[in-house]
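K.L.:
Quick one: the structure is below, questions incoming.
Computed from the coordinates by the stated procedures, all read-outs in this text should not be read as laboratory data. Please read these numbers as outputs of a predicted model, since none were measured by experiment. Cβ sites come from the backbone with ideal geometry, for glycine too, and all protein chains shown count toward neighbours.
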Amino acid sequence: MQNFNSAAPSRWQYWVVERPIISLLITMLIVFSFGFGTSKLFFDGDYRVFFGDDNPQLLAFEQMQNVYSKSDSVSFIIAPKSGKVFTRETLNQVHEMTEAAWQTPYSTRVDSITNYQHTQAEADDLLVEDLLLEPETLDPAKIEQIRQIALTEPNLVNKLIGSAGDVTIINVTVQLPEIDPLTEGPAVAHFAKELQAQFHQRYPDTEIRLSGLVMLNDAFATYAQNDSSTLVPAMFLLILIMLAILLRSVLGTLASLAVIITTIAATLGVSGWLGIALTTPTVNVPTIVMTLAVADCVHIISSLLLAMRNGQTKQQAIYTSLAQNVKPVFITSATTAIGFLSLNFSDSPPLRDLGNLVAVGMLFAFLFSVTLLPALLSLMPIKVAAKTKPSNAMTRFANWVIAKQKPVLVCGLLIVAGLASQVPNNQVNDDSLKYFSTDTTFRQDSDYMAQHISGMTSLEFSLESGQSNGINHPEFLADLAAFTTWLRQQPETDHVSSLSDTVARLNKNMHGDDPAQYRLPTQQELAAQYLLMYEMSLPYGLDLNNQINIDKSATRVVATFKNLGSNEILALEQRANDWFATQAPHIKVSISSTSSMFAHVGERNMSSMLMGTAFALVLISALLGFALRSWRLGFISLLPNILPGLAGFGLWSLVSGEINLALSIVSSLTLGIVVDDTVHFLSKYQHARKQGQSSEQAVIYAFNNVGRALLITTLVICVGFAVLTQSNFALNADMGLLTAIVVFIALVIDLLILPAFLLVFDRTPATAKPSTEPSTQLNINAATQA
Amino acid sequence: MKQSMTTLLFGATLVGFTTLAVADQGTTEQTDDPAARGLSIMQERKARDTGWQSSEASLEMLLTNAQGQTSSRQLRMKNLEVAGDGDKSLSIFDTPLDVKGTAFLSFSHVNTADDQWLYLPALKRVKRISSRNKSGPFMGSEFAYEDLSSFEVPKYQYRYLGEEEIAGQATWKIENIPNDEYSGYSKLVSWIDQQEYRVLKTQYYDRKSALLKTLQFSDYQAHPVDTPNGERKSFWRANQLSIENHQTGKATQLIFKEYRFNTGLSEADFNKSKLKRAR
């Protein structure tokens, strides 16, 4: 940007460079005061971080949990290697584990096939008893009886026992007090893992796996911490290598490293001071900030090195570099920050945190690269070898583009258009299970469970009769039974737990276990009294409150499904609502569950992020127009700014085609990054044109000046986001991959389509007089070449 | 034999040390060990509540869930004091209307499981209810059967924990460990007022030793009764029992009205074959 390049160093810049020690001390003071906040950082693995406090689905879900009982749970999946649950040994194990599981911290209920409250008629009495009460009494006949009952009981099949009788589940419901959320859930998960290990040792012939919401939260926290302990160091290493190669200067690399470390420390410190928890999305803030901070350092150091090669003293070279780079680095930092700040349009708080923290990081990166970096450089004994021969590869490339401008433009636009046309093939699909990579134990265990018993997707339906004790009314019960049947017929359904089954079974029991009497009673009093009797027969922890509200005016149907994506969940909800509207309009139904919450937030997030992208686009284009002092170029810049996102998302439809919570933010966050390339290219082009050069000459000029720098920074950013693809979270991995794709496409567009476009359409004759001394300008601008 | 002698000696020494330790601390003038002290307080509590013979009351049961919604049930309760064993009780439900006339008869026992029957008017039948549910909830409330059954000294092992003041009343704090393996609790802690030996508060700890519920007794009222041995004695009954479940956030209140004593009830009124006519 020649507007900035000609600027002389400001007074503060002299001050920083002349008093490096004091500058360093002041920087350290700033870093420590912000960085101290890192001591307040904490991981929050609770899945609820993805939802704002006023999220309507979260509120509905919490209300349902308060009316009935909580459904936070940890499940032990028990798979005997023999493939047979109904053996003496396995039943013994389940019985023992059921007892032991009652010791789970905060547990309020344990459900298994052995403590299932089996009801049967005995003479004229109703016997309500654990299906396996005394394991000592187990003999082949008793085992066969238990098998018969368990595999025919709708409350158990595909809920606690696989329909093939090969896998069984012990489900522990926990009620976390939520006084200290950071220790309560982990305590439960820890206990579950201990119990798993203990029983695995005692029963080596069975596999025990863990699932449930508590384990989901645990997985979020555990893998997030893994990520930060593996990906961040990996990123550091990669950056060190890249800097060493690019700068060919050990001291320059060290100075950049200092900037990166202080930037991360200060950024995370801000997070700590503000009480923003580290969550699955924000755990990668260091990696992203590091990636983007490197670019600032590369620009400043490479300008410095070039100036020194051209014969300037180190001190002079520092001023030259600052004079050239402060404003461009500020502009690119600002556009990147705007891109990330637009994440504030997101419906999910941790994504907003991610955006804000990276934006803060950009601010620090800018601040430290123009203060700490020059101060360090002025202290360091940097020496530069003889002038290296500039490569003319860029000139040759520029000439090729000029020669083939029309085919390049046409082909390029056709390819981009082809890719962009694929964008609608993407589907918004949020499956919280798919947030985890298939390499994680949690995902493997959950997939195993889905394969053998049931998926983790669940929906809870609260059916309101509208009057006290209305659930006992025959018509209500008939509707409930019809809905239960309908729900069981849905192809996605694995299991439905409904009160209508219990009532029908009680009716059978009260008629001497006559199978013909497995039907709903026709009088309200009968239903009410059966239920009262059943309720009064239940042991500790196993009440009906999880199915019936205290007023007995509403009942909850809990269904589990094959693991579904958000659009399938929303479609299913719609079908259920339609069923009630046509079949039972007098019943007021509300649907909620964690699955439903993720589905809705994914959907809403998509539309709000489209708003966010539009907002970022307008703001960034305005900033560009202002920086380039040309509305025309600002308008042209829309092309290379929008196309990469379109092409990238088009390509994504061929890679995966699923847009989740994290991918919905890629469009706006890449906008801020890709715009940097455009800024650099257009400003050089514009500069040459103003010097009176033809568009061909201006394109060659731009390629020579920034071509290599664009390649390098793009490489750094692609590598940085590619590191994220190694995350345990498919969520972060996908975001890293798509961002790398978009940024790479942006480079291709900037180096091919943009110049071709300018060559074809920017044919106006040069306005200014031909410059007499193009070479001096060239020298200064060439500084941005690394 | 030799071994048991050693154990005995060792045990005696241990008791001696404990006593010494207590004496050293000089916290109380009592030199009894905590178990004996707890037991004697609870024996006195039972002694003071013996001789009422029978009682009747109507009550409202008010359920509250974590969302703050409430629901009310009306019932009547008849109790018969049984010497040497747990009491007998008969509850008749008046509302909700769809269970009106349902009667629940319970014979509580000290050492064995309680006997329970339920009369269902819609079916016109009496059904025995499984007896392992003593830790289960009563009528969907936060009260377990065992919370409502009669207090008998041999049901628990006691330990005196100290003195505390509750709402201006001096109390003894006593730990109760259930003897019954089917109890839902690992322990209870009760606060007994020193004046009248009434329970003012009880805390229940679940099987994993976490605090589960707190029961508070309030609005105590004295009911004078002529006991069988001719003396006139006052029996204290709380008109309000509030229990709160700390784990689920649910709560239940029992509000007693029209307590009447010695109403002429006899064994015959607590007979399962007469449940049909209970009203």
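K.L.:
Within the set B:K46/B:K155; A:K159/A:K434; A:K508/B:K272; A:K70/B:K134, which residue pairs have Cα atoms separated by over 18 Å?
P.N.:
Values: B:K46/B:K155 12 Å; A:K159/A:K434 22 Å; A:K508/B:K272 24 Å; A:K70/B:K134 24 Å.
From B:K46/B:K155; A:K159/A:K434; A:K508/B:K272; A:K70/B:K134, over 18 Å: A:K159/A:K434; A:K508/B:K272; A:K70/B:K134.
K.L.:
Any chance you could get the radius of gyration and Dmax over the Cα atoms of the protein assembly as shown, in Å?
P.N.:
Cα only, the protein assembly as shown: 37.9, 130 Å (Rg, Dmax).
K.L.:
Let me ask another. So what's the gap between the Cα centers of region A:27-77 and region A:306-377, to the nearest angstrom?
P.N.:
A separation of 31 Å, based on Cα centres.
K.L.:
While we're looking at this one, here's another question. Can you tell me the order of B:265-277, A:518-530 when each peptide is scored by its average per-residue count of other Cβ atoms within 10 angstrom, highest first? Each step should come with its number before you reach the end.
P.N.:
Numbers: B:265-277: 14.4, A:518-530: 19.8.
Going from most to least packed, we get A:518-530, B:265-277.
K.L.:
Can you give me the relative contact order of chain A as a percent, contacts being Cα pairs under 8 Å and 6 or more apart?
P.N.:
Working: 1347 pairs, mean separation 149.6, N = 786.
Rounded, it is 19 percent for chain A.
K.L.:
So what is the relative contact order for region A:73-211, in percent, with contacts set as C-alpha pairs under 8 Å and at least six apart?
P.N.:
Numbers: 214 pairs, mean separation 58.6, N = 139.
It comes to 42 percent, rounded to a whole number.
K.L.:
Something else now. Excluding residues fewer than 8 places away in the same chain, name every one of the lysines whose C-alpha is closer than 29 Å to that of A:K327.
P.N.:
Partners within reach: A:K314, A:K383, A:K387, A:K389, A:K684, A:K690, A:K769.
K.L.:
With labels modelled as points extended 7 Å from the Cα through the Cβ direction, what inter-label distance (nm, one decimal) is found for A:A393 paired with A:F615?
P.N.:
4.2
K.L.:
So, in Å, what gap is there between the alpha-carbon centers of region B:36-106 and region A:193-248?
P.N.:
Using only Cα atoms to place each centre, the spacing works out to 55 Å.
K.L.:
Return the distance in nm (one decimal) between the two label points of a simple spin-label model at A:R309 and B:A210, each offset 7 Å from Cα along Cα→Cβ.
P.N.:
If labels sit at A:R309 and B:A210, their model points lie 6.6 nm apart.
K.L.:
Work out the FRET efficiency for A:W12 and A:K406 from their Cβ-Cβ distance, taking R0 = 51 Å, and round it to the nearest 0.05. Walk me through the intermediate numbers first.
P.N.:
Working: r = 49 Å, r/R0 = 0.96.
After rounding to 0.05, the efficiency reads 0.55.
K.L.:
How many partner chain Cβ atoms sit within 10 Å of a residue's Cβ in peptide A:124-133, on average, as a whole number?
P.N.:
Working: counts 4, 8, 6, 4, 5, 3, 1, 0, 0, 1.
The per-residue average across the peptide is 3.
K.L.:
Another question about this same structure. Taking only Cα atoms, what is the 0 to 90° angle, nearest 10, from helix A:88-101's long axis to the longest principal axis of chain A?
P.N.:
Taking Cα atoms only, the helix is inclined about 70 degrees.
K.L.:
Could you state the angle between the C-alpha long axis of helix A:393-403 and the longest principal axis of the C-alpha atoms of chain A, as a value from 0 to 90 degrees rounded to the nearest 10?
P.N.:
90
K.L.:
Using θ = phi - 60° and the Karplus curve 6.51 cos²θ - 1.76 cosθ + 1.60, what whole-Hz ³J(HN,Hα) does each residue of region A:605-612 get, with Gly and Pro shown as x?
P.N.:
4, 4, 5, 6, 6, 4, 4, x
K.L.:
If you don't mind, another one. Determine Rg/Rh for region A:42-171; Rg is computed over alpha-carbon atoms and Rh is the Kirkwood hydrodynamic estimate from the same atoms.
P.N.:
Answer for region A:42-171: 1.07.
K.L.:
Next up: I'd like the FRET efficiency for A:Q427 and B:A167, computed as 1/(1 + (r/R0)^6) with the beta carbon distance as r and R0 of 51 Å, rounded to 0.05.
P.N.:
Working: r = 63 Å, r/R0 = 1.23.
That pair, A:Q427 with B:A167, gives E of 0.20.
K.L.:
Then there's this: Using the 10 angstrom Cβ neighbour count as an exposure proxy, how do A:I300, A:I741 rank, fewest first?
P.N.:
Numbers: A:I300 28, A:I741 22.
Ascending Cβ contact count within 10 Å gives the list A:I741, A:I300.
K.L.:
Subtract the Cα-Cα distance of A:L25 and A:D166 from 0.36 nm times their separation in residues, and report this length gain in nm to one decimal.
P.N.:
On the way: separation 141, 0.36 × 141 = 50.76 nm, distance 6.70 nm.
Separation in residues times 0.36 nm, less the Cα-Cα distance, equals 44.1 nm.
K.L.:
Which order do A:V675, A:V401 fall in if you start with the one that has the fewest other Cβ atoms within 10 Å? Display every interim value, and only then the final one.
P.N.:
On the way: A:V675 28, A:V401 21.
With the sparsest Cβ surroundings first, the list reads A:V401, A:V675.
K.L.:
Where both partners of a DSSP beta bridge lie in the protein assembly as shown, what percent of those bridges are antiparallel, to the nearest 5? Present the calculation step by step, with values, prior to reporting the outcome.
P.N.:
Numbers: 130 of 134 bridges.
Within the protein assembly as shown, antiparallel bridges account for around 95 percent of the total.
K.L.:
Which whole-number percent is the relative contact order of chain B (Cα, under 8 Å, 6+ apart)?
P.N.:
Values: 575 pairs, mean separation 52.7, N = 279.
Result for chain B is 19 percent.
K.L.:
Can you compute the modelled spin-label distance between B:S218 and A:D139, with each label point 7 Å from Cα toward Cβ, in nm?
P.N.:
5.8
K.L.:
I've got another one for you. Per DSSP H run of at least 4 residues, take -39500 (n - 2.57); add these up for the protein assembly as shown, divide by its residues and hand me the 222 nm value, nearest 500 deg cm²/dmol. Write out the running numbers ahead of the final one.
P.N.:
Values: 30 runs with 522 residues, N = 1065.
Calculated from helices alone, the mean residue ellipticity at 222 nm is -16500 deg cm²/dmol.
K.L.:
Sticking with this one: Just in region A:299-387: which trypsin sites (Lys or Arg not before Pro) are loop by DSSP and have at most 11 other Cβ atoms within 10 Å?
P.N.:
Details: sites: A:R309, A:K314, A:R352, A:K383, A:K387; in loops: A:K383, A:K387.
Hits after loop and neighbour filter: A:K383, A:K387.
K.L.:
Order these by the 10 Å Cβ neighbour count, fewest first: A:W102, A:W15. Write out the running numbers ahead of the final one.
P.N.:
Values: A:W102 17, A:W15 12.
Neighbour counts put them in this order, fewest first: A:W15, A:W102.
K.L.:
If packing is taken as the average count of other Cβ atoms within 10 Å, what order do A:574-587, A:622-635 fall into, highest mean first? Intermediate results must be reported in sequence, preceding the final value.
P.N.:
Values: A:574-587: 13.6, A:622-635: 16.8.
Descending packing order for the listed peptides: A:622-635, A:574-587.
K.L.:
To continue, here is another question. Treating the angle as unsigned and between 0 and 90°, give the value, to the nearest 10°, between the Cα long axis of helix A:250-273 and the longest Cα principal axis of chain A.
P.N.:
Its long axis makes an angle of about 40 degrees.
K.L.:
Can I ask one more? Efficiency by 1/(1 + (r/R0)^6): what FRET value for A:R763 and A:I415, r their Cβ-Cβ distance, R0 = 22 Å, to the nearest 0.05? Display every interim value, and only then the final one.
P.N.:
Values: r = 24 Å, r/R0 = 1.10.
After rounding, the FRET efficiency stands at 0.35.
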